[in-house]
Amino acid sequence: MSSKLQQVAKHQKKWFGKFHTWGGITAGFVIIIVSLTGALLVFESELDVWLHPQAFKFDENGERLSFDQVKVSLDENHPEYQINGIFILDDKNDAYASFAKNGNNEQLIINPYTAEITAARVYRETPMGFIRHLHRTLLIPPFGKYLVGVSSLICVFMMITGLRLWFPNKINFLKNRLTLKFSKSGKKLNYDLHNRLGVYFSPVITLISITGVMITFNQIILFFLFLLSFESPVSVAEILNQRSVYIENSKPIGMNQAASLAQNIFPEGEVRGVSLPSDKYGVYQVHLLLPAISKEKNSAILFIDQYSGEIINSSEDKKFKLLKVYTNWVTPIHYGTFGGLPTRIVALMATIITAILFVSGFLIWWSRRKKMFHRKSEIGEAKSV
């Protein structure tokens, strides 16, 4: 390498080092919180069931009740709740759930065999709901949401600068840089762990951080994606804004019939929930799972006229394709659920190691800071003599 290139590389490393250090100090506390809460959210459903065993414990006597049967039972026995639909909870013993429009937007957990309400809760007030809220907003919405997004963006650049700082000037030293020696102790071991773990997990941490940024700033990112794809921007609100043709004195079709109509359109799909019309102009929203190339759920929604049973629209429409890809892939990649248990374990390890990297990085910075102060004090003392 020529001397000029060496100077450029040295200058680049200097500025990368400054960004890496001060980026970690600036965003470190937020990233540690987000990483540790994210580690728990990788297994959110399982932990929720474990923390509330009575809510999800059912005696499987007979067949599961249909959507209409559950709704009739709830209307008769719990008129205090105005439900907005009935859904099947994945990874939670396939319990039925509904949200009650009674001011608190309570989540009702329903026994699928008896229609008994086993729990009525505001999810944010549960342990896992609190952790999710902390992970997304730091408990200070909406400011906290954007702080999380910006911190995640800083984390992306820290992974990039960290790799540049780690990469040896001579390729011969690459093997040595990849080897972790546990024979070292104290500060040297911490330094080695920081570097090696950062290198090993930087691709996964970068991917999780990028998808975190995309979740936070989804409207802005989707707008630019639509521009790049030369398609007209489509929002989630536009998809959901569907209306039935109101016919006076007409009786709406039932939830079961709406589910059956959707099943006929997608015979390979599995109906996992039906949202009720919000008013006399509202529509049924039938939620399905379709075959997917990954182990993550490929969700779809059909919008059905509540009187005629006509299919008004579908999230499978071509104009919603980009939005569907975005919603079906960004969150699964972020939480590692797209590949089943193996990718969830990798995501769990990556989130824990992210927190370790920021703690170990702070210790490295603090050690160097103390050494620098010590040297300055020694120089000051020498000058005063």
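Structure above, values below:
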item: Normalised convex hull volume, region 53-125, alpha-carbon set, Å³ per residue; result: 87 Å³
item: Segment TYR246-GLU316, extension gain: residue separation times 0.36 nm, minus the distance between their alpha carbons; result: 22.7 nm
item: Simple spin-label estimate for GLN263 and LYS14 in nanometres, 7 Å along Cα-Cβ; result: 7.1 nm
item: Packing-based exposure ordering (other Cβ within 10 Å, fewest first) of ILE154, ILE253; result: ILE253, ILE154
item: Proxy reagent accessibility, fewest Cβ within 10 Å first, across VAL150, VAL213; result: VAL150, VAL213
item: Dipole magnitude of region 53-125, debye to nearest 20 (Cβ charges: Lys/Arg +1, Asp/Glu -1, about Cα centre); result: 260 debye
item: Surface/4 of the Cα convex hull for region 12-109, nm²; result: 10.2 nm²
item: Sorted by Cβ neighbour density within 10 Å, fewest at the top, the residues ILE247, ILE210, ILE140; result: ILE140, ILE247, ILE210
item: FRET efficiency estimate (nearest 0.05) - Cβ-Cβ, THR179 to PHE157, R0 35 angstrom; result: 0.85
item: Under the span-like rule (Cα at least 20 Å along the axis, Kyte-Doolittle mean at least 0.0), DSSP H helices of the chain; result: 3-41, 143-166, 186-216, 341-384
item: Unit charges at the beta carbon, dipole of region 1-76: most positive-side option, PHE58, LEU47, ILE32; result: ILE32
item: Difference of contour (0.36 nm per residue) and Cα-Cα distance, SER3 to SER73; result: 17.1 nm
item: Charged-residue dipole, Cβ positions (Lys, Arg, Asp, Glu), the chain about Cα centre, Debye nearest 20; result: 4060 debye
item: Separation of the TYR113 and VAL325 label points, Cα + 7 Å toward Cβ, nm; result: 4.4 nm
item: Charge context of GLU76, other residues only, Cβ under 15 angstrom, K/R +1, D/E -1; result: -3
item: Translational diffusion coefficient (Stokes-Einstein; Kirkwood radius from C-alpha pairs) of region 233-327 at 20 °C, 1.002 mPa s, in µm²/s; result: 156 µm²/s
item: Projected-area mean, the chain, by convex hull of Cα positions, square nanometres; result: 27.9 nm²
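Coordinate-derived values only; no laboratory data. All of these numbers come straight from a predicted model, not from anything done at the bench. All Cβ positions, even for glycine, are placed from backbone atoms using ideal geometry, and neighbour counts span all protein chains on display.
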